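Data first, discussion second: the structure below is written as structure tokens.
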Amino acid sequence: MSAYSYGILLFRFRKERLEVMLVHPGGPFWAKKDYGVWSIPKGLPEEHEKPLDTAKREFKEETGFDVDGKFIDLGELNQSSKKIVHVWALEKDLDVASVVSNTFTLEWPKNSGKVKEYPEVDKAGWFDLELAKKKIRKEQIGFIDRLVGIINYSQKEKHLEKEKRYRQTTLF
């Protein structure tokens with residue numbers, strides 16, 4: 001049986017360019033990984049919780065922000081972990097420097113007896129489409145493509161320097 005996970009993909013426009021907000025997983029395993037590990041804020045439902053309510057709660061837990069508005073249903077995608085992820089998009093701007101995540105405890109290194117608390121999300125960033133597709137987990141790229149199709153976005157190609165294409169903030 002597959003597990004379901006629900007999430008919210010924020011998007012905004014900067015100088016007529018579409019950007020999406022992604023989060024980087026916290027903890028020592030992910031600390032030095034960048035490309036292919038960022039994600040849409042998402043998580044598992046609690047008992048009797050509605051899917052969109054789960055997505056909103058998980059977004060709040062991972063970012064510290066409440067979100068509400070006109071959600072765009074991007075549907076479901078199967079993940080390699082046999083999890084099924086359902087995502088909604090929302091046009092909203094927020095300051096990624098103000099993102100605050102919940103935490104988890106982990107023994108690291110394994111069998112060392114050293115238990116520490118780590119943020120579930122250690123940084124968040126706004127990325128243009130090209131860079132977002134490199135940063136995000138490959139199984140989630142389809143959500144970006146669906147968003148582009150639904151909002152009928154056509155990116156005007158201008159080659160920008162890498163540091164001008166996104167804003168990333170480390171939280172911890």
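The values are calculated or read from the model by the stated rules, or taken from the named source; none is laboratory data. This structure is a prediction, so every number in the text was calculated from the model and none was measured. Counting neighbours? That spans all protein chains shown, and the Cβs are built from the backbone with ideal geometry, glycine included. Just so you know, the surface numbers come from the protein's heavy atoms only, side chains and all, with ligands and any DNA or RNA stripped out. Shrake-Rupley method; radii C 1.70, N 1.55, O 1.52, S 1.80 Å.
The table for this structure:
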| item | result |
| --- | --- |
| Single residue of Glu46, Glu19 found to be acidic (Asp, Glu) and farther than 30 Å from Ser154 by Cβ | Glu46 |
| Boolean, Leu106 is among the aliphatic types (A, V, I, L, M) and either assigned to a strand (DSSP E or B) or open to solvent by less than 10 Å² (accessible area, probe 1.4 Å) (or both) | yes |
| Output for the range 60-72, where each listed residue is open to solvent by 80 Å² or more (accessible area, probe 1.4 Å) and within 16 Å of the chain's Cα centre (by Cα) | Lys60, Asp66 |
| Qualifying residues in the range 73-85 (those that are touching a helix residue (DSSP H, G or I) at 6+ places or on another chain (Cβ under 6 Å) and at pLDDT 95 or above) - the one surrounded by the fewest Cβ atoms within 10 Å (Cβ to Cβ) | Leu77 |
| Pair list, Cβ < 6 Å and 6+ apart or interchain, from the range 40-55 residues that are more than 15 Å from Gln140 (Cα to Cα) to residues that are part of a loop (DSSP other than H, G, I, E, B) and open to solvent by less than 90 Å² (accessible area, probe 1.4 Å) | Thr54/Pro45 |
| Criterion violated by Thr54 - all others in (1) surrounded by 15 or more Cβ atoms within 10 Å (Cβ to Cβ); (2) at positive phi; (3) not basic (Lys, Arg) satisfied | (2) |
| Residue in the range 27-51 that is most open to solvent (accessible area, probe 1.4 Å), counting only those that are closer than 19 Å to Tyr6 by Cα and under 16 Å from the mean Cα position of the chain (by Cα) | Leu44 |
| Scan of the range 129-165 for residues that are buried (at least 18 other Cβ atoms within 10 Å of the Cβ) and either modelled with pLDDT under 95 or assigned to a strand (DSSP E or B) (or both), ordered by number | Ile136, Arg165 |
| Residue match in the range 1-21 (condition: more than 22 Å from Asp128 (Cα to Cα), surrounded by fewer than 22 Cβ atoms within 10 Å (Cβ to Cβ) and without any contact (Cβ under 8 Å) to a residue 60 or more places away in the chain) | yes |
| The range 99-114 residues that are farther than 13 Å from Glu58 by Cα, paired with ones that are open to solvent by 70 Å² or more (accessible area, probe 1.4 Å) (beta carbon under 6 Å, 6 or more apart) | Thr105/Val115; Thr105/Glu117; Glu107/Val115 |
